[in-house]
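Notes follow once the structure below has been shown.
We did not get these values from a lab; they are worked out from the coordinates using the rules stated. All values reported here derive from a predicted model rather than from experimental measurement. Glycine gets a Cβ as well: all are built from the backbone with ideal geometry, and neighbour counts include every protein chain shown.
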Ligand code: AP5
């Protein structure tokens with residue numbers, strides 16, 4: 001498998017960019033946040049275990065996350081190009097991928113965005129309750145207020161996008177990210193990008209890197 005991982009703070013735009021890349025048909029996209037939210041919605045045990053951590057803005061334990069991603073990747077063909085968005089978040093998760101020759105990481109892309117912008121992006125984000133599509137009240141507004149452009153579903157705020165939980169998520173991110181960057185940098189697999197640009201400019205840059 002050709003695996004690229006998207007690293008970056010909450011709100012740095014990993015999901016927005018990964019979804020667009022997957023729409024080209026060239027990549028399989030796995031967002032562990034979306035997978036957990038789907039599991040919660042479907043009342044699955046893994047969702048029940050994860051919810052209390054997510055609501056507090058904490059990381060879900062590595063054992064749960066590693067099992068979740070290993071299971072998902074076990075169904076993917078060996079020649080697929082894969083983007084992991086939101087995984088790994090700890091060195092233990094990165095090591096779990098690299099331990100298996102089939103899932104070794106080829107490239108880690110770090111999305112850099114100043115913290116003030118991150119808070120703006122998180123608190124203004126709205127997602128579709130039905131299909132999960134992401135919008136922003138100011139930066140990526142839907143055509144009709146409160147309504148998803150893709151499926152006409154209602155737009156809601158994620159519970160963990162309140163300012164207090166978003167700030168805590170950033171603290172949690174900062175406590176882990178430098179170790180992850182060192183892990184991938186020492187393996188010469190790290191590329192950092194300026195993700196404080198327009199959505200389209202970042203997409204163009206990523207296509208140059210990945211395609
Ligand atoms: P998850 O859903 O992965 O949240 P996250 O990493 O905190 O990332 P976000 O979804 O908040 O941000 P993003 O970078 O995808 O930004 P987006 O593109 O949406 O995880 C949620 C929770 O699940 C975690 O807190 C944890 O509890 C748990 N979890 C998940 N994976 C885990 C793991 N591996 N280990 C342990 N726990 C795990 O953009 C944000 C907003 O900005 C949107 O409104 C968007 O429209 C807007 N925007 C995007 N790009 C731009 C741009 N260039 N300019 C202006 N606005 C933009």
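Look at the alpha carbon pairs under 8 Å that are at least 6 residues apart: their mean separation over the length of the chain gives a relative contact order of 30 percent. Backbone N atoms of region 154-188 closer than 18 Å to the 7 Å Cα→Cβ label point of residue 137 belong to residues 154-167. Build a GNM of the chain with springs between Cα atoms under 10 Å apart, and of 112, 177, 130 the one that fluctuates most is 130. Sorted largest first, the principal axis extents computed over the alpha-carbon atoms of the chain equal 46, 39, 33 Å. Kirkwood radius and radius of gyration were both taken over the C-alpha atoms of region 57-109, and their ratio Rg/Rh is 0.94.
How large is the direction-averaged shadow of the alpha-carbon convex hull of region 169-211, in nm²? Display every interim value, and only then the final one.
Details: hull surface 15.6 nm².
Orientation-averaged projected area of the Cα hull: 3.9 nm².
Rounded to the nearest whole angstrom, the semi-axes of the ellipsoid equivalent to region 111-211, taken from the Cα gyration tensor as √(5λ), stand at 28, 19, 12, largest first. If you average the sequence gap of Cα pairs under 8 Å that are 6 or more apart and divide by the length of region 103-157, what percent do you get for the contact order? Relative CO of region 103-157 lands at 29 percent.
I'd like the FRET efficiency for residue 178 and residue 145, computed as 1/(1 + (r/R0)^6) with the beta carbon distance as r and R0 of 35 Å, rounded to 0.05.
On the way: r = 40 Å, r/R0 = 1.13.
E(calc), rounded to 0.05, equals 0.30.
One decimal place: the segment residue 78-residue 38 gains 11.9 nm when fully extended, by the rule 0.36 nm per residue minus the C-alpha distance. Per-residue extension of 0.36 nm, minus the Cα-Cα distance of residue 201 and residue 168, leaves a gain of 9.0 nm for this segment.
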